[in-house]
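Take a look at the structure set out below.
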Amino acid sequence: MSAKTYHHGNLRVVLLATARDLLEEQGIAALGLRAITRRAGVSATAAIPHFGSLSGLLSVLAAAGFDELAEALAPVLAQGAAAAGLAYVRFALRNPGLFTLMFRSDAIDRAVPALAAASARTSAMLTQLLGTMPGPQGARTRAGMRAAQWGRVHGLAVLAIDGMLDALLAAEGEDLSLDALVADALR
């Protein structure tokens with residue numbers, strides 16, 4: 001490997017960008033330190049000083065995802081839960097690999113400080129927003145109600161990523177917008 005190929009101004013940033021590109025192109029299964037470093041044009045061990053392991057690298061990448069999700073949610077929070085839910089699902093559709101990674105505890109280490117802070121920030125935004133909503137009849141606890149509401153929105157995001165939402169609606173003969181689905185999920 002030539003010095004020109006090997007030298008990057010900021011290898012940490014390059015490795016994260018390379019991992020994200022690989023993730024969005026080929027999915028989580030394609031992510032390995034060798035695959036990431038090979039594509040970045042560096043030695044197989046070049047990521048170790050920056051992240052310690054594949055889990056460390058993926059955890060920092062997931063943290064970036066939570067930061068981006070928080071940035072997508074922030075401008076719509078004042079518009080209410082339906083607007084935030086729609087932003088959540090749209091973020092998932094724009095970043096399917098990253099969104100999937102963010103919730104894969106088998107691939108990331110939630111104790112990595114950057115990930116813990118970023119996911120806590122996003123969670124706090126959603127919890128605060130859901131706390132302003134009236135609960136459905138029969139909800140046993142406020143926390144249970146919040147979890148159920150956001151679980152439905154998260155489920156819509158996962159179905160949308162997997163291409164199952166369109167098929168489900170077509171099978172039911174429904175012609176609903178994403179906006180209407182999210183609003184229904186939050187009732």
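Each value in this text was obtained by applying a stated rule to the coordinates, not by laboratory testing. Predicted, not measured: the structure shown is a model, and the values here were computed from it. Here the Cβ is made from the backbone with ideal geometry for all residues, glycine too, and neighbour counts use every protein chain on show.
Overview of values
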| quantity | calculated |
| --- | --- |
| 0 to 90° range, to nearest 10: angle between helix 142-161 axis and the chain longest Cα axis | 60 degrees |
| Modelled FRET efficiency - R0 25 Å, Thr45 with Asp67, Cβ distances, 0.05 increments | 0.35 |
| Ala35-Phe103 pseudo-label distance in nm [points 7 Å out on the Cα-to-Cβ vector] | 2.1 nm |
| ³J(HN,Hα) computed for each position of segment 27-39 - Karplus, 6.51 cos²θ - 1.76 cosθ + 1.60, integer Hz, glycine/proline x | x, 4, 4, 7, 7, x, 4, 5, 5, 5, 5, 4, 5 |
| Cβ-Cβ FRET estimate between Val13 and Asp166, R0 fixed at 25 Å, reported to 0.05 | 0.10 |
| Formal net charge of residues neighbouring Ala44 (Cβ-Cβ distance under 15 Å; K, R +1; D, E -1) | +3 |
| Model label zone, Arg110; criterion: amide N under 19 Å from point 7 Å along Cα-to-beta-carbon; scope segment 52-85 | 55-70 |
| MRE, 222 nm, helices only [DSSP H, n ≥ 4, -39500 (n - 2.57), over the chain, to nearest 500] | -21500 deg cm²/dmol |
| Selection from Thr100, Ala40, Val112 lying farthest towards where the dipole of the chain points positive, charges on Cβ | Val112 |
| FRET efficiency for Arg121 and Glu24, using Cβ-Cβ distance with R0 set to 22 Å, rounded to 0.05 | 0.45 |
